[in-house]
Amino acid sequence: MTGKKDFLASTLYRSGLNRLLRSVGSWHGLVTVNYHRVGNPRGSYFDRGVWSCTTAEFEKQIRDLKRNTDLIGIKDLDDAMRDPNGRYSIITFDDGYIDNYEDAFPILKSLDAPATFFLTTGFLDEGNVAWWDDIAWMVRASLRKKLPTSPWTSEIVFDEPHRNVAINELLKTFKVLPWNETRDFLTFIATASGTGRCPHPEVDGLWMNWDMVREMRQAGMDIGGHTVGHPILARLSAEEQWCEISVSKARIEAELGETISAFSYPVGQPDCFDETTKLLLKQAGYDWGFSFYGHYARPGHVDHFDVPRVPVDPYLSRNRFRGLLTLPQLFATS
Ligand SMILES: [Zn+2]
């Protein structure tokens, strides 16, 4: 499907149909794009899958968004979703990586483009490694050739060129585990890989600090919640979900000195949050919850606690990105 859509996108662009569709206004609503990290992952021991694009591509994409849509922040979202004739977009970042501040923020500022940064407060406060980066680090740092069979996985080959496949397989397994099993799973990888868990100094400087967050806010960026420790909320009890949602909200509000109204669900697939999660967000005082499985929002048809977002990844070509802003009915789906 990806190949077919890439072909369609480049045909659309080359034939000039793109311009035509844009001028007749083929869609109305909101396209929200999501990034994690920008820059070049080459050589990193961490999860290279969370780099969305290079800074050069990022700048081009922001220009495309500005040219084709009205870029808005969270405060304008309610009005935008009531406007039957608008074409809006929101730029979002998840997790709180340092490159959001060092590399993306200067580009956003120079282009006068607002964006929303959803923060995992425990990462900023404690400087802990995220579970996906921990898994990638253990696989890459391991001198062993394979991981033996375990209660969770069959034998996984580690040595090159299989490392990326091994990382993806372990991440996939992690994401479906009951949360109270995830610690044992990480301990198993740490022991069987011979590396131990990713040591704290490796993570130094990986996350933004609160001064950076305040500076971005003062420059017109929006800040939102993304839990304390980045668990997959639907794998937790209601009490645990409440703790993750409410504590992270209070933490961000204390640092900013103002309330926040938007949240993004960790991992964000349909099975990663549930009706309880949505209810708890509302109870905590949130107005919006963002998911992460594609699609765009049509005016009058948006669930406030399931605002769709489209992932930006290195496989998303420029034409496909432009297609997303011209014909999201087709290109906002995976
Ligand atoms: Zn996240």
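Dipole of the chain computed with +1 at Lys/Arg Cβ and -1 at Asp/Glu Cβ about the Cα centre; of LEU280, ILE74, SER10, farthest Cα towards the positive end is SER10. Summing Lys and Arg as +1 and Asp and Glu as -1 over all other residues whose Cβ lies under 15 Å from the Cβ of PHE273 gives a net charge of -3.
Taking a point 7 Å from the Cα of ASP78 along the Cα-to-Cβ direction, the residues of the stretch 248-287 with backbone N closer than 14 Å to it are 260-262, 285-287. Other residues with beta-carbon under 9 Å from the beta-carbon of VAL176 carry, at +1 per Lys or Arg and -1 per Asp or Glu, a net charge of +2. With a threshold of 24 Å on the Cα-Cα distance, the over-threshold entries among LYS249/LYS278; LYS4/LYS172; LYS4/LYS66 are LYS4/LYS172; LYS4/LYS66. Estimated from helices alone, the mean residue ellipticity of the chain at 222 nm is -13000 deg cm²/dmol (sum of -39500 (n - 2.57) over DSSP H runs with n ≥ 4, per residue).
To the nearest 10, the accessible area of THR149 is 100 Å² with a 1.4 Å probe. For the stretch 273-300, backbone nitrogen atoms closer than 16 Å to the point 7 Å from ALA250 Cα along Cα-to-C-beta are found at 281, 283-286. When ARG214, ARG309 are compared by accessible surface with a 1.4 Å probe, the order from highest to lowest is ARG214, ARG309.
Between the stretch 177-220 and the stretch 60-96, the alpha-carbon centres lie 30 Å apart. The GluC sites (Glu not before Pro) of the stretch 137-213 that DSSP puts in a loop, and whose beta carbon has at most 10 other beta carbons within 10 Å, are GLU155. Of all DSSP-defined beta bridges confined to the chain, some 15% are antiparallel rather than parallel. Report the Cα centroid-to-centroid distance between the stretch 283-304 and the stretch 223-238 in angstrom, as an integer. Centre-to-centre (Cα) distance: 16 Å. Electrostatic bookkeeping for GLY257 treats Lys and Arg as +1 and Asp and Glu as -1; over the other residues with beta carbon under 11 Å from its beta carbon, the sum is -1.
Taking every pair of alpha-carbon atoms in the chain, give the share separated by more than 34 Å as a whole percent. When all Cα pairs of the chain are counted, 24 percent exceed 34 Å.
The values are calculated or read from the model by the stated rules, or taken from the named source; none is laboratory data. None of these values were measured; they are calculated from a predicted model. Every residue, glycine among them, receives a Cβ derived from its backbone with ideal geometry; neighbour counts consider all protein chains shown. Just the protein is used for accessible areas: all its heavy atoms, side chains included, with ligands, DNA and RNA removed. Shrake-Rupley method; radii C 1.70, N 1.55, O 1.52, S 1.80 Å.
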